[in-house]
Amino acid sequence: MSPATDPHAPDVTHAVAQGAHEAAHHAAEQATILLLPYSHEPIAWVFTIALVGLALSMALSVGRVVIGPNVPDRVVSLDVVANICVASIAVYAMATQRAGLIVVAIVVALILFLGTTAYALFLERRARP
Amino acid sequence: MFDYDSFFQTVSTGAVGTLVILGVFFNLVTAIGMVRLPDVYTRMQASTKGGTLGVGCLIIACAIHFGSLAIAAQSLLVVAFIFLTAPVSGHLIGRAAYFVGAPIWDRTAHDDLKGCYDPETHALSATPTEENEIYAGVVRQRAELIAGGSLED
């Protein structure tokens with residue numbers, strides 16, 4: 001007897017749908033908790049406004065990367081973009097209560113310095129006859 | 001009775017909020033400077049000073065917010081690193097920009113390297129090229145005097 005015609009077989013599709021629904025609900029709850037642990041406190045507004053301001057400043061800096069007339073302009077504005085990345089990581093770590101993200105900020109700051117220095121040396125070597 | 005816990009909670013939250021707003025303000029000023037300022041050198045002014053101060057404020061806010069010594073140490077490591085590296089990378093980029101020939105704003109008042117850099121030989125001299133000969137002569141003369149023993153007495 002195939003499972004589809006067995007009247008005593010458990011309702012698999014219903015169980016799967018219910019499981020998916022519960023998983024989605026759980027994920028949404030988890031996301032809410034992870035993104036806004038302080039949503040009932042006024043400091044959450046400060047973090048939200050800070051992230052919006054950082055996004056605005058990053059958009060302005062990326063605009064300079066796009067329109068910058070020559071290579072040093074673009075390197076300097078990419079420097080600013082990476083700086084704003086470090087700042088955003090700090091604000092995000094505070095807003096989500098994840099202290100481990102500070103290590104990410106350290107790594108991004110390191111790579112920022114290495115990248116800028118390497119590009120400066122590359123430009124200088126290219127200028128050399 | 002005075003509630004120390006709630007007092008410190010209030011103070012640290014206020015400090016974190018103030019530092020975050022300050023840091024975002026400095027980052028916004030930096031970004032506006034990147035768009036509005038006229039040449040690479042003035043823009044580097046905005047990027048090194050404003051960016052460093054903005055990131056420093058936000059990371060110190062992080063150190064206060066988590067209230068743990070290990071995380072505060074990590075945050076201060078970031079601040080120290082950025083304070084050390086931002087001037088160095090700014091200097092290197094400015095030097096490279098001058099060598100590549102990035103245009104200088106026409107209303108720039110003072111250019112210290114004017115006439116000191118030779119784009120053909122990639123040589124930098126301490127003084128502009130006309131005085132360079134006299135200066136090199138003085139240096140050579142002093143070196144000869146030292147080598148000849150005339151300055152020993």
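Computed from the coordinates by the stated procedures, all read-outs in this text should not be read as laboratory data. Because the structure is a prediction, the values reported are computed rather than measured. Backbone-built Cβ (ideal geometry, glycine too); neighbour counts: all protein chains shown.
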For A:Ala118 paired with A:Glu22, estimate the spin-label separation in nm (one decimal), with each label point 7 Å from Cα along the Cα-to-Cβ line.
4.9 nm
Cα-only Rg/Rh for the range B:4-110 with Kirkwood Rh rounds to 1.13
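Which shape class, rounded, prolate or oblate, goes with the range A:38-127 when its Cα gyration tensor gives a ≥ b ≥ c as root eigenvalues, a/c under 1.5 marks rounded, and past that a/b bigger than b/c marks prolate? Intermediate values should be presented prior to the final figure.
On the way: a/c = 6.48, a/b = 1.89, b/c = 3.42.
Because a/c hits 1.5 or more and a/b fails to exceed b/c, the range A:38-127 counts as oblate.
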